[in-house]
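Data block below; observations after.
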């Protein structure tokens, strides 16, 4: 059922980045975004439906809402894929943390020893900090882009299989329009959407039931560790 609606869904930009790094400059890997649906029914089949060119008629009159990001990364498959991606980026996380710690140590050295250093020594230390700061900022940006690109690939793969399920659910339940509430207003044109029209959870449940991916076991602790502060550029004197 690859209708215009499917093509619109597949064109949705689900650009998710190293949010913790972007906000703090640290090397923290972001936790998986999205909704936290209730325990889904057991997996029924390993064969997921794929889109086909048959036209689709949305004859219902109701308007529904879905958080596409929440639906994608709320599925068992989405959670599993993101956890694997985070594990893959752990070496980069450790590398960036090491660079951040080194910068903090140099800045502390400048703060404590700066007044005692001669002009040449102080200038060299500042130059070293500035150089390492540029390398760190660039490494963070590269990590953001690489992580975001791979997470986008995950989202596109899942959405390819989820789109027909959204359409089928809309048809079966009298919806003539489904809007995406992934981003809050004013980033999106949707000002507010009540829980009564939200179909995110039932779509996630349908996806989980049709997939062969079991729910991940609960973690011992879900409390995130505080991220280290961003290594900011030294003030020029």
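The values are calculated or read from the model by the stated rules, or taken from the named source; none is laboratory data. Since this is a predicted model, take the numbers as computed values, not measurements. With ideal geometry, Cβ positions are generated from the backbone for all residues, glycine too; neighbour counts draw on all protein chains shown.
Residue 63 versus (1) surrounded by fewer than 19 Cβ atoms within 10 Å (Cβ to Cβ); (2) part of a helix (DSSP H, G or I): which is the lone unmet condition?
Just one mismatch for residue 63, condition (2).
Does residue 156 meet the test of being under 30 Å from residue 209 (Cα atoms), without any contact (Cβ under 8 Å) to a residue 40 or more places away in the chain, out of contact with any strand residue (DSSP E or B) (no Cβ under 7 Å at 6 or more places or on another chain) and part of a helix (DSSP H, G or I)?
Considered against the rule, which asks whether it is under 30 Å from residue 209 (Cα atoms), without any contact (Cβ under 8 Å) to a residue 40 or more places away in the chain, out of contact with any strand residue (DSSP E or B) (no Cβ under 7 Å at 6 or more places or on another chain) and part of a helix (DSSP H, G or I), residue 156 comes out as no.
Return yes or no: is residue 163 surrounded by 12 or more Cβ atoms within 10 Å (Cβ to Cβ) and either outside any loop (DSSP other than H, G, I, E, B) or at pLDDT below 80 (or both)? Please lay out each step first, then the result.
Details: surrounded by 12 or more Cβ atoms within 10 Å (Cβ to Cβ): yes; either outside any loop (DSSP other than H, G, I, E, B) or at pLDDT below 80 (or both): yes.
Taking the combined requirement at face value, the residue satisfies it.
Applying the selection to the stretch 82-99, what residues are surrounded by 15 or more Cβ atoms within 10 Å (Cβ to Cβ) and farther than 14 Å from residue 143 by Cα?
The answer is 82, and nothing else.
Of the conditions (1) surrounded by fewer than 19 Cβ atoms within 10 Å (Cβ to Cβ); (2) not in a loop (DSSP other than H, G, I, E, B), residue 203 clears all except one; give me its number.
(1) is the only condition that residue 203 fails.
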